[in-house]
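> Quick one: the structure is below, questions incoming.
Each value in this text was obtained by applying a stated rule to the coordinates, not by laboratory testing. A quick note: this is a predicted structure, and the numbers were derived from the prediction, not measured. Cβ atoms come from the backbone with ideal geometry, glycine included; neighbour counts cover every protein chain shown.
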Amino acid sequence: MFDRDTEGVRIELRALTKHYPGQPAPAVDNVTMDIPAGELVVFVGPSGCGKTTTMKMINRLVEPTSGEIRIGGQDVLSLDPDELRRHIGYAIQQVGLFPHLTVAQNIGLVPKLLGWPQAKIDDRVEELLALVSLEPSTFRGRYPRQLSGGQQQRIGVARALAADPPVMLMDEPFGATDPITREHLQNEFVRLQRQLHKTIIFVTHDFEEAIKLGDRIAVLREGSHIAQYDTPAAILDAPADDYVAGFIGQDATLKRLALMRVADVPVTDTIPDPALPQVSADTTLREALDLMLAHGTDRCGTPTGVLSYAELCAVVGPRPEEAMTGDR
Amino acid sequence: MSFGEYVTSRWDTISLAAAEHALAVAIAIALATVIGVGAGIIGHHSPRVREMSIAAAAAILTVPSLALLTLLIPLTGLGWKSTLLALTVYALLPIIRNTVTGLSGLDAATVEAGRGMGLTRARLLLKVQLPLAWPLILTGIRVSTQMVIGIAAIAAFVDGPGLGNQIFEGLSRLGSVNSLNATLAGTLGIVVIAVLFDLFFSAVRHLTTPRGLRVRP
């Protein structure tokens with residue numbers, strides 16, 4: 001349907017507006033935005049700011065009042081909505097699995113609609129269950145009511161991925177789980193997206209989640225107006241205004257530390273010290289700092305040497321643009 | 001003549017009346033299911049249709065059955081036609097109501113997910129909404145059936161089929177030979193039919209409720 005079939009394609013929103021009849025102000029007011037191919041863009045904003053409405057216009061669950069949407073160059077508003085939706089993955093907070101269908105049937109539904117042969121659907125179900133770390137032989141035949149909340153959300157994501165759509169829309173897909181499960185799902189999802197390179201629009205009101213997952217973040221205010229649209233590091237580093245700063249909260253520096261890993265910091269002291277608390281290359285700087293504080297020391301051992309508190313501060317200190325180049 | 005002897009001697013008449021009684025109920029329920037579920041589906045999307053159809057079906061229920069059957073005589077005459085028409089309209093309310101409740105009570109997220117995945121409205125209705133609402137719709141049909149089995153006895157008044165004939169026959173000759181036996185045979189026959197229909201529906205419920213709705217976590 002779109003020019004490339006499984007890897008992400010570009011999404012363009014042009015002057016997109018949704019004005020519900022009888023409402024004084026539009027829910028989404030004249031939004032123009034480009035979402036680059038293969039990137040995960042997080043819409044973050046308070047409840048009722050229009051972020052979900054904006055997202056739902058992309059698969060036309062909400063019909064725009066005016067404006068234009070292009071996915072991979074195709075004018076979305078000229079396509080058949082049901083056909084369009086079969087090519088856009090959709091995952092929501094309440095998951096909405098079909099309780100009368102098994103896990104395999106839930107996941108296989110869209111491929112079936114698209115006319116895939118059953119053998120191919122079966123293979124795909126296996127593959128997706130493995131991808132979301134659920135043992136296929138155990139879970140294939142289960143019904144949604146036999147699953148925990150976290151398992152349901154994984155199946156929700158697997159179902160959204162089923163037909164290997166180039167574009168995914170996700171509305172707080174991990175919102176309904178406990179913090180531990182959520183963190184776990186987020187980590188898995190980051191790993192998944194590194195493999196899959198879908199174009200993903202991810203809606204959340206949780207700024208921490210936005211930082212963790214997003215290649216870019218669009219901070220939205222009332223009417224889905226874009227307050228700032230940039231990479232997480234750039235937003236943390238230079239919030240556009242007080243509204244964005246308020247969203248970030250008081251601990252912007254700590255959040256920036258959480259974006260960087262030990263491997264991103266060149267250490268000057270390259271002699272390992274086994275007596276110090278040790279971190280791995282993959283540890284975030286925030287975790288490294290936490291470890292230092294917990295041990296009452298200002299240094300910790302890394303695979304390449306010893307990281308000091310001063311070096312850690314320097315990273316988020318006066319010359320941030322240099323440190324920000326670290327690959328996320 | 002004892003009750004046992006009465007039933008044995010009139011077995012042909014009684015069993016035919018019972019069969020006709022059950023048939024009339026079955027046909028009326030089948031018609032009411034088609035009309036009621038249809039109205040319920042339309043009513044699910046249109047609040048106006050919902051309110052009107054429920055109000056109409058409720059209004060019909062308040063008309064005494066004897067009066068309704070009498071009113072139908074000029075339109076559909078005596079016998080089967082009037083009986084079926086009356087039973088069908090009496091059966092509508094629980095079916096429409098439960099269809100609407102069943103459909104609107106579905107988890108909104110399930111429906112939204114279905115739309116978001118690209119199910120057409122028709123497919124969503126047939127593959128998701130109706131199967132999930134089915135246990136409740138079936139309950140409505142079951143309630144209607146029990147109700148209509150009793151009302152069907154009145155149909156004898158317009159020369160309709162069924163065990164009502166036994167009851168009316170007995171009542172009209174009260175005090176004479178076998179009058180009590182005839183009334184008793186009609187009444188017990190109706191009870192037996194009601195029990196059999198209920199067993200039937202409980203089997204249908206068991207066989208048609210999607211497995212995913214029956215499993216325990």
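> Quick one: among A:282, A:237, A:206, which has the greatest mean-square fluctuation in a GNM of chain A with alpha-carbon springs under 10 angstrom?
So, out of A:282, A:237, A:206, the one fluctuating most is A:282.
> Going by Cα centres, the stretch B:144-217 and the stretch A:259-289 are how many Å apart?
Cα centroid of the stretch B:144-217 versus Cα centroid of the stretch A:259-289: 82 Å apart.
> Using alpha-carbon positions, what is the distance between the centroids of the stretch A:66-95 and the stretch B:12-80, in Å?
45 Å
> Sticking with this one: For the protein assembly as shown, build the charge dipole from Cβ charges (+1 Lys, Arg; -1 Asp, Glu) around the Cα centre, then report which of A:113, B:168, B:133 sits farthest towards its positive end.
Farthest towards the positive end: B:168.
> Compute the Rg to Rh ratio over the protein assembly as shown from the alpha carbon atoms, using the Kirkwood formula for Rh, and round to two decimal places.
Working: Rg = 33.4 Å, Rh = 28.2 Å.
Taking Rg over the Kirkwood Rh, I get 1.18.
> Taking springs between alpha-carbon atoms closer than 10 angstrom, which of A:38, A:246, A:50 fluctuates most in the Gaussian network model of chain A?
Ranking A:38, A:246, A:50 by mean-square fluctuation puts A:246 first.
> Here's something else I'd like to know. Take the Cα atoms of the stretch B:4-112, find their three principal axes, and give me the spread along each one in whole Å, biggest first.
Projected onto the principal axes, the Cα atoms of the stretch B:4-112 cover 63, 33, 18 Å.
> Each residue of the stretch A:91-102 in order: what ³J(HN,Hα) in whole Hz does its phi give by Karplus 6.51 cos²θ - 1.76 cosθ + 1.60, θ = phi - 60°, with x for Gly and Pro?
Along the stretch A:91-102, the couplings run 10, 10, 4, 7, 6, x, 5, 7, x, 8, 10, 6 Hz.
> Sticking with this one: Please list, or write none, the aspartates and glutamates whose alpha carbon is within less than 19 Å of the alpha carbon of residue B:127, excluding same-chain residues fewer than 8 places away.
The qualifying aspartates and glutamates are A:82, A:83, B:107, B:112.
> In peptide B:158-166, what is the residue-averaged number of other protein chain Cβ atoms found within 10 Å of each Cβ?
Values: counts 0, 0, 0, 0, 0, 0, 0, 0, 0.
Mean partner-chain Cβ count within 10 Å for B:158-166: 0.
> Turning to a different aspect of this structure: Give me the net charge for the shell around residue B:18: Cβ to Cβ below 15 angstrom, other residues only, Lys and Arg +1, Asp and Glu -1.
On the way: positive: B:10; negative: B:12, B:20, B:169.
Overall, the nearby charge balance is -2.
> With a point put 7 Å past each Cα toward its Cβ, work out how far residue B:123 is from residue A:282 in nm, to one decimal.
A separation of 3.9 nm, rounded to one decimal place.
> Under a 10 Å cutoff between Cα atoms, tell me which one of B:133, B:203, B:28 has the largest fluctuation in the Gaussian network model of chain B.
B:203
> If Rh is defined by the Kirkwood formula over all Cα pairs and Rg also comes from Cα, what ratio Rg/Rh do you get for the stretch A:11-251? Spell out each step's value before the answer.
Numbers: Rg = 18.0 Å, Rh = 18.5 Å.
So for the stretch A:11-251, dividing Rg by the Kirkwood Rh gives 0.97.
> Residue by residue through the stretch B:161-166, which ³J(HN,Hα) values in whole Hz follow from phi under the Karplus form 6.51 cos²θ - 1.76 cosθ + 1.60 (θ = phi - 60°), with glycine and proline marked x?
x, x, 6, x, 4, 4
> Now for a separate question. Per DSSP H run of at least 4 residues, take -39500 (n - 2.57); add these up for the protein assembly as shown, divide by its residues and hand me the 222 nm value, nearest 500 deg cm²/dmol.
Details: 25 runs with 297 residues, N = 545.
So the calculated ellipticity at 222 nm is -17000 deg cm²/dmol.
> Counting only other chains, and only Cβ atoms inside 10 Å, what mean value do you get across the residues of B:203-216? Write down the numbers at each step before the final one.
Working: counts 0, 0, 0, 0, 0, 0, 1, 5, 4, 14, 4, 3, 6, 3.
That average works out to 3.
> Right, next: Please give the direction-averaged projected area of the C-alpha convex hull for chain B, in square nanometres with one decimal.
Working: hull surface 58.7 nm².
The number I arrive at for chain B is 14.7 nm².
> From other protein chains only, count the Cβ atoms within 10 Å of every residue's Cβ in B:117-125, then give the mean.
Numbers: counts 18, 16, 7, 6, 1, 0, 3, 1, 0.
Shielding by partners across B:117-125 averages 6.
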